[in-house]
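Below you'll find the structure, written out as structure tokens, and then a few comments.
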Amino acid sequence: MHLLSLHIPFTEPVLIIALVLLILLIGPVFFERIRIPSIVGLLLSGAIIGPHGFNLLSPDLEFSLLGTIGLMYLMFLAGLEIDLIDFIENKTKSIFIGIASFLIPFVSGYLVCRFLLHYEVMSSWLIGAMLSSHTLISYPLLGRMGIVNKSIVTIVVGATIIADVLALVAMELITNFATSGFEIDSILLLALHFALFFFIVLLVVPRLSRVFLNMYEGNLGVQYIFVLVALFVSAASAHLLEIEPILGAFFCGLVLNRQIMNTSALYKRTEFIGNNLFIPFFLISIGMLANFNLYLNQPRQLIFLAILIATAFGSKYLAAVASKFIFKTSKAEMNLLFGLSTSRAASAIAIILIGLNMGLVSDAVLNNTVILILITSISSSYITQHAGKKLLIKENDTSSGKKKADQKILVPVANPANMENLLDFAALIKSDDSVTPIYPLTVFTNRNNEVRQQIDERQKQIEKIIDSLQTEVPFETNTRIDANITNGIVRAADEIVATGIVMGWNNRSTPLHILFGNVLNKLLEKTGRMLLVLKTPSSFREVKRITLFCNENSQFETGFSLWLDSVINLSKSLQLKFSVNCTSKMTHDAIEAYLTKHNCLKFLESQSSSTNPRKKQRSEIKNSASELLVFVNSRRDTVSYSRQFEHLMNNSINRLKKNNIVIIYPEQ
């Protein structure tokens with residue numbers, strides 16, 4: 001028996017996994033040192049170790065399985081990370097760009113293949129369908145650059161799905177026509193399949209997910225396995241209905257978008273495993289398909305390949321230029337759109353493989369498609385990275401005003417019943433790009449021998465609640481012993497230079513001024529910092545609508561930008577728009593102007609410029625956990641204080657027992 005016996009290509013699973021993991025460890029680092037994006041490095045690594053390179057690995061069933069998981073994961077993350085508010089706001093742009101990205105390459109591909117390369121009619125249409133699709137190969141680069149939530153990225157993600165759906169529908173129609181001619185039954189059957197698919201993924205999956213994730217809240221392992229089950233059940237449902245599985249994966253991510261928030265530990269785990277394990281397997285598997293030896297035996301295929309590549313790049317670039325011309329996007333945004341939409345992968349391979357099995361295209365066309373995928377993917381990475389940097393530089397250059405100070409949120413906690421909701425709310429209103437922690441505070445007024453034990457018990461209780469929140473937002477607990485609670489809160493806020501103090505009550509029936517009046521009134525007198533007082537009878541995850549009430553002259557308060565930023569962050573975290581109700585059109589216009597200036601107008605729900613808060617509260621606000629009310633009250637003797645508005649607020653607290661209510665006292 002030989003101590004060392006290796007068979008090429010490797011057949012032992014341990015050797016295969018060891019080689020691939022070694023590539024994942026060393027490859028990206030090496031290629032980035034020579035200024036080649038890590039995604040390109042993985043594609044080239046696949047070509048080097050594949051059957052047409054050193055033949056160390058073969059694209060067998062096991063490796064193909066891992067590559068398929070990676071592709072599904074890539075599309076799932078694209079749906080999970082999409083900004084739903086931005087997506088809805090820019091749906092018209094997504095539809096136009098998606099149709100342009102499909103139609104221009106589709107027609108161009110047919111014309112070039114039919115009249116320049118002299119392919120058959122059906123073959124030309126099929127290659128046109130292949131060219132019209134694209135896959136977001138360079139999407140992981142956007143996460144590393146911190147621009148995954150930019151409007152242009154959201155638009156392209158939506159456009160990708162539209163282009164791919166149209167490409168796959170075109171493929172179905174072309175193959176059906178090639179085998180049996182034009183049949184209306186086939187088209188109706190395809191429409192029925194899509195209807196069943198959307199019923200399963202858009203209605204059944206989100207309802208099951210909501211129940212399951214709530215049932216196993218805190219059990220991260222079980223929740224993650226459920227996410228994988230939801231992902232592949234959705235993809236399998238699409239496959240069984242003769243729809244491309246990548247659509248199932250994307251729409252699964254889309255429907256789980258609001259349930260898996262990007263600050264949660266579940267989201268971070270899902271993203272980490274995908275970007276560092278499964279997606280790299282997919283990129284390597286794509287590179288392994290490349291066969292450069294074909295062009296040594298058939299040099300004429302180089303001409304066909306060059307024409308195909310020129311058509312692929314030119315047609316997608318024309319679609320990007322058309323979008324720039326119509327929607328007046330910047331050059332950096334146009335190039336980012338072009339970079340993201342120019343790469344082909346799964347859909348392109350699927351379309352050509354089906355054509356090969358039906359005898360519509362040859363092996364040479366399949367190999368040209370693989371090389372096209374490799375070249376467009378490499379180019380996409382370079383273009384996307386370059387355009388992304390330009391976009392970031394432009395935003396930094398054009399940003400106006402001073403850099404916003406880091407949020408420092410102090411959360412006095414005493415009541416275990418509402419402690420979790422208070423800390424959860426503080427995480428929701430915190431800027432996602434800030435590394436400053438949230439400061440839970442416990443104040444003790446007794447100095448007896450048992451206070452040390454009480455401090456330890458409270459510390460463990462807070463840490464347990466923080467763990468249950470499953471958020472990546474940092475927390476730094478603080479404990480004080482003081483003469484009274486108010487002094488302890490004020491001194492702690494002064495020490496950390498807090499920008500806001502979050503406090504609350506849980507009782508559903510006791511009015512604010514009776515239960516909380518003593519501490520709150522003293523805080524309002526002793527500190528000018530922003531106070532956010534919460535009534536939280538239910539979890540913020542149940543909220544489906546946010547309504548902001550503010551009085552006349554609220555825009556003139558010193559802390560106007562600070563409280564409005566908190567509302568914006570809340571909307572962003574919950575992926576919900578908020579409506580504004582105020583007695584003054586001037587106040588409404590000031591809010592709208594601030595949102596416009598900071599590119600946040602998408603969070604404002606369309607409505608008339610001025611409404612009567614009392615009428616709105618009585619006629620439209622329901623006594624429901626799905627309705628979140630935010631009142632911007634103010635201290636007495638300030639520019640925006642109103643007895644009538646305060647009466648409306650207290651009335652809401654007493655009447656609406658199920659609603660979460662937030663009362664903001666702006667900074668003075």
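Every number in this text was worked out from the coordinates using simple rules, so none of it is lab data. Model, not experiment: these values are computed from the prediction. All Cβ positions, even for glycine, are placed from backbone atoms using ideal geometry, and neighbour counts span all protein chains on display.
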List the residues whose amide H sits under 5 Å from the amide H of residue 531, counting only those 5 or more places along or on another chain, with H placed 1.01 Å from N in the peptide plane.
-> 501, 665
Give the residues of segment 342-357 whose amide nitrogen is closer than 12 Å to a point set 7 Å from the Cα of residue 116 in the direction of its Cβ.
-> none
R0 = 41 Å: FRET efficiency of residue 215 with residue 103, Cβ-based, nearest 0.05?
-> 0.35
If each residue's Cβ is checked for other Cβ atoms within 10 Å, how do 344, 114 rank with the fewest at the top?
-> 114, 344
With only Lys, Arg, Asp and Glu charged, each at its Cβ (+1 for the first two, -1 for the last two), find how big the charge dipole of the chain is about the Cα centre; round to the nearest 20 debye.
-> 1980
The exposure ranking of 497, 255, fewest beta-carbon neighbours within 10 Å first, is 497, 255
Net lengthening on full extension, residue 21/residue 668 (0.36 nm per residue, minus Cα-Cα) | 227.3 nm
In debye, nearest 20, what is the charge dipole magnitude of segment 184-341 about its Cα centre with +1 on Lys and Arg Cβ and -1 on Asp and Glu Cβ, if you could check?
-> 480
Which of the following values of Kirkwood radius over Cα pairs in Å was calculated from the structure shown: (i) 29.8; (ii) 27.7; (iii) 26.2?
-> (ii)
Starting with the fewest neighbours, write out 156, 121, 165 ranked by other beta-carbon atoms found within 10 Å of each beta-carbon.
-> 121, 165, 156
Taking every DSSP bridge whose two residues both lie in the chain, the antiparallel percent to the nearest 5 is 15
Quick one: dipole size for segment 13-398, taken about the Cα centre, charges +1 on Lys/Arg Cβ and -1 on Asp/Glu Cβ, in debye to the nearest 20.
-> 1060
Order of 472-485, 525-538, 364-377 by packing, highest average Cβ count within 10 Å first?
-> 364-377, 525-538, 472-485
In degrees between 0 and 90, to the nearest 10, how far off the longest principal axis of the chain does helix 61-81 point, with axes built from Cα atoms?
-> 40
Hull surface over four for the Cα convex hull of segment 13-398, reported in nm², is 19.6
Helix 485-496 sits at what angle to the longest principal axis of the chain, using alpha carbons and giving 0 to 90 degrees rounded to 10?
-> 50
Once the Cα gyration tensor of segment 229-334 is found, what semi-axes does its equivalent ellipsoid get, as square roots of 5 times the eigenvalues, in whole Å, sorted largest first?
-> 34, 24, 16
Pop the C-beta distance of residue 328 and residue 145 into the FRET formula with R0 = 25 Å and round what comes out to the nearest 0.05.
-> 0.60
How large is log10 I(q)/I(0) at q = 0.14, 0.16, 0.22, 0.23 Å⁻¹ when the Debye formula is applied to the Cα atoms of segment 626-667, each weighted equally and without solvent?
-> -0.32, -0.42, -0.72, -0.77
In nm, the gap between the two label points placed 7 Å beyond Cα toward Cβ at residue 296 and residue 29 is 3.3
Provide Rg and Dmax in Å for segment 327-392, with only Cα atoms included in the calculation.
-> 15.3, 48
What is the P(r) of segment 188-254, as percent of Cα-Cα pairs per 5 Å bin from 0?
-> 4, 19, 27, 21, 14, 8, 4, 2, 0, 0
Efficiency by 1/(1 + (r/R0)^6): what FRET value for residue 463 and residue 236, r their Cβ-Cβ distance, R0 = 45 Å, to the nearest 0.05?
-> 0.65
Charge-dipole axis of the chain as Lys and Arg at +1 and Asp and Glu at -1 on Cβ define it, positive-most pick from 305, 519, 220 | 519
DSSP-assigned coil residues among GluC sites (Glu not before Pro) in segment 619-664, each with at most 13 further Cβ atoms within 10 Å | 620
To the nearest 10 degrees, the tilt of helix 38-49 (Cα long axis) against the first principal axis of the alpha carbons of the chain is 30
When N counts the residues of segment 100-178, how does its alpha-carbon radius of gyration compare numerically with 2.2 N^0.38 Å, as a ratio?
-> 1.31
